[in-house]
Amino acid sequence: MEVDWEIEVGGGTPGCGAPVIDALWPGFVDLRQNPARIGEIAETAAFPPLAGLLLVLNGPASPLWTSKCDLWEPEAAELAGPGSRESASSVLACYVDLLPLAGQVFAQWQQAEAFCREWVARLASDRLPECRVELIVRQAIAGQAEGFGVTAYLSATGQARSTAAESLAAALDAFAAAIPSAAAPGKAASKLQLKSTGE
Amino acid sequence: MIPEIHENVAIGDPAPGENSSSPGWFTPFEPRRGLTNGHLQTIVGNYLPRPAFRLSSVSEAVEVDPGDGSRVLCNCHWQAEAERAGRLTVVLVHGLEGSSDSRYIQGIAARAWAAGCNVVRMNMRNCGGTESLTPTLYHSGLSGDVGTVVRHYAGRFNLERVALVGYSMGGNLVLKLAGEWGSRPPLCAVAAVCPATDLAPGSDALHEPLNRPYEWNFLAGLLRRYARKAALFPGIYEPRKKIGPVRSIREFDNKILARYWGFRDADDYYFRAASARVVDRIAVPTLILHAQDDPFIRLLPETRAKLLANPHIAFVETRHGGHCAYLSRDPGNEIHWAEATVLRYLLAQAGPVHGS
C-alpha cells in the first residue's frame, strides 16, 4: 500500500484557496449520535464497505468523527505513480473528511500532522500494492470551531471494477484497523506545503 | 400445525379487506431507511454499535468427545436455582469464526435473559480462544457437539425445555441436530437465522467477486487459527507454510479441513455436513429466517421444497435483511428484528417462561 500525508492550507479567500472542510455542511449525518442513519449516506449503497469504515470511524473506540465522504471512479492515469498501476484498467476511490472528537477540530495543524504521521506509520506495513492512502491536513470549520481536519483519500486499482472494489474494501479494512488511539498533539512537521491557489 | 410463512410482503402487506393470517409472534420485516441492499445490511449489521453486554456468566468447558478429550467452552446465564429447571433454556450457537462473544449472540442472550430464560452461549470447538481445548479443527457437521451440550445441562439441572438458536453456520448445526434427533425431549424448539443449509453453493458464493471481502475475512481467521493449532499440536498439523497457498474457503476445506477430518474432499464434506439432508426429519417447532438478498447463503430449490413441506418448520423468507443483519425501522435496540422475532417465536412455542 502506498501511504502518504501532506498539509494543504492557505489562501483564505473563498474559492481560490486550498479546500476547507465545512464539517457541519447541510448534508451532514451525525453517525456519532445515530449510527443507524448510515443508510442515508448514498455512497454506502454504491459501495457498502464504506459503511463499515464510517461506522468504525464514528464508533466508540475511535477518537474521530466524520463529516463528509464521496465515492468515484477516477481515470487510471490520475493515479499513475511509483509501483504502478499501468496495467490497471479500473480505479475506485473514496474520500472521508475526518475531525477529532476532542475540540471538534484540531486546534493546530501540528496536532493534525502528528495524527496523520502516526496513521501513516501504522499503515506502512500493509501489503496491499494496488491500494493508496493519502491523508491531507486542511483547514476546517465545525460550527463556531475553526482549526484543522484531515481528508483521507483511499483508492485501489484492478483489472476490472470488481477487482478494484475488492482491493478498495481491503484498504478500507486496513485503514480502519490502523486508526491511532488518540488525536494527540505532536511535533511539528517539515513537510508543510502552503498553497495559495487551488492548484 | 405451525403456519407456513413464505414471502414477507404477503404477510406484511395484505390485500385490502384481507386479514393477515400471521401468527402472534410474527411482525413483518421492514428494512431500515436506506438499508435495502443486502451487502449494506450485512456490513452495517456487523459494525453498528450495540449496548454493552453486562450479564455475568458461569463458564464451563464441556467435554464433547471422550475419545480425544475435546471440550467446548460454554458461557452460561442461569436463573435462580429454585426455578431453573422450569425455565426455558436457550442454547445459542454462533457462526463461522464467531464466538460466544459475537455481538449477535450477546444481543439475543440479553433478550432471552431479560425474558426469564436460562441462556447457554456455546463456543464451537476452538472458538472463543479455546484452541487448546481440543486437538481437532471445527466444521459445519459437528451437530453432535451441540447435542452433547444440551444433554449435559439438561441432565445436570433437569431442564424441562431446551431451545436451540443458531446463526449461519451455527444455524446449519442446530438444524442438523434437530433433523437427527427428531422429537426428543427436552428439545422443544429451534430457530436458525440465515442458516448455511446448503454448504457447497454457499462456499462457492463466497468466492464471487462481490463477496470476496467476506471470504477474505473468514479465510484470514481460519488460517490464523490453523497456524495456532499447528503451533499447539505440531504432531498433528503441518506448519502453515507447508500447506501452500489457500485462496478460498473451498480451497481451505479441500486442503485442510477434509484432510484432517477424513473427508474425501470439500464436496464430500459439504454433502455430509449439510443440514439440507435432514431438514425433512425435523419434528419440533422450528423457525428459519432467510433473506433473499443474503450475499452468500444459497438455498437450493430442493432444500426450499423440503422446508416448505415440513409442517414443523416456519420458513420466513424476506426480500431484505442481508446476512444475519435484519436491521429494521424499529427504534433503539429493537432495530434488531431477527433477535426479537426469534425470541417471540421460541416463547410462543415453549409456553410460559415461568413454567413451574
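Given the structure, is B:ARG71 under 16 Å from B:ALA191 (Cβ atoms), in a strand (DSSP E or B) and of a type in the set (D, E, K, R)?
Here the answer is no, as B:ARG71 does not meet what is asked.
Answer yes if at least one residue in region A:61-83 is within 11 Å of chain B (Cβ to nearest Cβ) and either within 19 Å of the chain's Cα centre (by Cα) or modelled with pLDDT under 95 (or both), and no otherwise.
yes
Only one of these is within 14 Å of another protein chain (Cβ to nearest Cβ) and at pLDDT 95 or above: B:GLU30, B:GLU81, B:GLU60. Name it.
B:GLU30
Enumerate the helices (runs of 4 or more DSSP H) found wholly within region B:215-318, keeping only those where 1 or more residues are within 18 Å of B:LEU137 (Cβ to Cβ).
B:240-243, B:249-252, B:258-261, B:266-273
Can you tell which of B:SER168, B:SER203, B:SER183 is of a type in the set (Ser, Thr, Tyr) and more than 17 Å from the chain's Cα centre (by Cα)?
B:SER183
For region B:198-212, which positions are among the acidic types (Asp, Glu) and away from chain A (no Cβ under 14 Å)?
Of everything in region B:198-212, those that are among the acidic types (Asp, Glu) and away from chain A (no Cβ under 14 Å) turn out to be B:ASP198, B:ASP204.
Out of all the residues in region B:285-294, is one or more surrounded by fewer than 19 Cβ atoms within 10 Å (Cβ to Cβ) and at pLDDT 95 or above?
Checked region B:285-294: at least one residue is surrounded by fewer than 19 Cβ atoms within 10 Å (Cβ to Cβ) and at pLDDT 95 or above.
Residues to consider are B:LEU88, B:LEU92, B:LEU40; find the one that is buried (at least 23 other Cβ atoms within 10 Å of the Cβ), modelled with pLDDT of 95 or more and within 14 Å of chain A (Cβ to nearest Cβ).
B:LEU40
Within region B:30-47, which residues are of a type in the set (A, V, I, L, M) and touching a strand residue (DSSP E or B) at 6+ places or on another chain (Cβ under 7 Å)?
B:LEU35, B:VAL44
Considering A:ALA156, A:ALA176, A:ALA169, A:ALA165, which residue is within 14 Å of chain B (Cβ to nearest Cβ), aliphatic (A, V, I, L, M) and not in a helix (DSSP H, G or I)?
Among A:ALA156, A:ALA176, A:ALA169, A:ALA165, only A:ALA156 is within 14 Å of chain B (Cβ to nearest Cβ), aliphatic (A, V, I, L, M) and not in a helix (DSSP H, G or I).
The values are calculated or read from the model by the stated rules, or taken from the named source; none is laboratory data. If you're wondering where the values come from, they're calculated on a predicted model, not measured in any experiment. Neighbour counts run over all protein chains shown; Cβ positions are idealised from the backbone, glycine included.
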